[in-house]
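Following: one structure in structure tokens, then a few remarks.
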Amino acid sequence: MPIPAVVLTLAVAVPAAPAPSRSQVWELAVSLSAGVVYRMDSMPERLRQPGAESLQHAKELAAQMGVALPDSPVLRGPVADTMAAVEYIHLGSKHPTAQLIAQKRDASASALFELGLLSHVAMMSLKPSSDVAKAEAELLENAGKASGLPRATWGGLVDALRGGTDPVAAKKAMITLITAGGEAIKD
């Protein structure tokens, strides 16, 4: 009588990538923001190379973090269509990467991603106090509040866009957001 063969199958659990830290989320979002905004066809050509470098950095970070950046024409080629780029950074909580971060970490990390993605809006040709600038300020404020970062990190840019008159002050507030935001993050 033949002996039946026994097949033993072992299930090996592959650990999921750890949840990204808030610092990683911030670095990804700010790099992605620069990569998208600096490569817009409406921006000065001298910003395109730094934009391409920022975008490449963002892609590498996303891969390390195990979060996908959505396939988008905005992320391909040396130049991005301005309207498509603006739409991309305004996806907010609907951005697939923000949704993935919310699943892997939490809603405040997703809002931190949204805030970082909006971080370079002052580089666009916005006239402070205009309706467009006020709309940007509202998006920034909503993401800032939900991110858990103190208002001191993002409020200056919101105020400069909402009620200011000086585009240079808005750009300085943008730099404050990027640096102070990174420094204020507690992982």
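The values are calculated or read from the model by the stated rules, or taken from the named source; none is laboratory data. Everything quoted here is computed from the prediction, not taken from an experiment. We place every Cβ from the backbone using ideal geometry, glycine too, and count neighbours over all the protein chains shown.
Out of the residues in segment 137-176 that are under 23 Å from L91 (Cβ atoms) and of a type in the set (D, E, K, R), which is surrounded by the fewest Cβ atoms within 10 Å (Cβ to Cβ)? In this case the residue turns out to be E138.
Of all residues in segment 57-74, exactly one satisfies the criterion of being over 22 Å from A109 (Cα atoms) and within 14 Å of the chain's Cα centre (by Cα), namely V74.
Scan segment 64-121 residue by residue and report those that are part of a loop (DSSP other than H, G, I, E, B) and crowded, with 16+ Cβ neighbours inside 10 Å.
Matches in segment 64-121: V67, L69, V79, D81, H90, L91, H95, R105, L118, S119, H120.
Given the residues K186, K145, which is the only one that is among the charged types (D, E, K, R), modelled with pLDDT of 95 or more and over 16 Å from V37 (Cα atoms)?
On the way: K186 fails: modelled with pLDDT of 95 or more.
Just a single option satisfies the conditions, and that option is K145.
Every residue, every condition in (1) of a type in the set (V, I, T); (2) touching a strand residue (DSSP E or B) at 6+ places or on another chain (Cβ under 8 Å), yes or no:
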{"residue": "V25", "(1), (2)": "yes, no"}
{"residue": "L55", "(1), (2)": "no, no"}
{"residue": "G66", "(1), (2)": "no, no"}
{"residue": "T82", "(1), (2)": "yes, yes"}
{"residue": "Q99", "(1), (2)": "no, no"}
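Determine which member of the set S31, S54, S23, S110 is of a type in the set (S, T, N, Q), at pLDDT 95 or above and touching an Asp or Glu at 6+ places or on another chain (Cβ under 6 Å). Exactly one residue qualifies, and that residue is S23.
The set of residues in segment 122-131 being free of Cβ contacts under 8 Å to residues at least 60 places away in the same chain and either within 12 Å of A160 (Cα to Cα) or surrounded by 16 or more Cβ atoms within 10 Å (Cβ to Cβ) (or both) consists of A122, L126, K127, P128, S129, S130. Remark: pairs (first residue in segment 29-55, under 21 Å from L177 (Cα atoms) and in contact (Cβ under 8 Å) with a residue 40 or more places away in the chain; second residue among the aromatic types (F, W, Y) and in a helix (DSSP H, G or I); Cβ separation under 8 Å; 6+ apart in sequence or on different chains) = A29/F113; V36/Y88. Take the conditions at pLDDT 95 or above and among the small types (G, A, S) and apply them to G92. Does it pass? Judged against the criteria, G92 is not a match.
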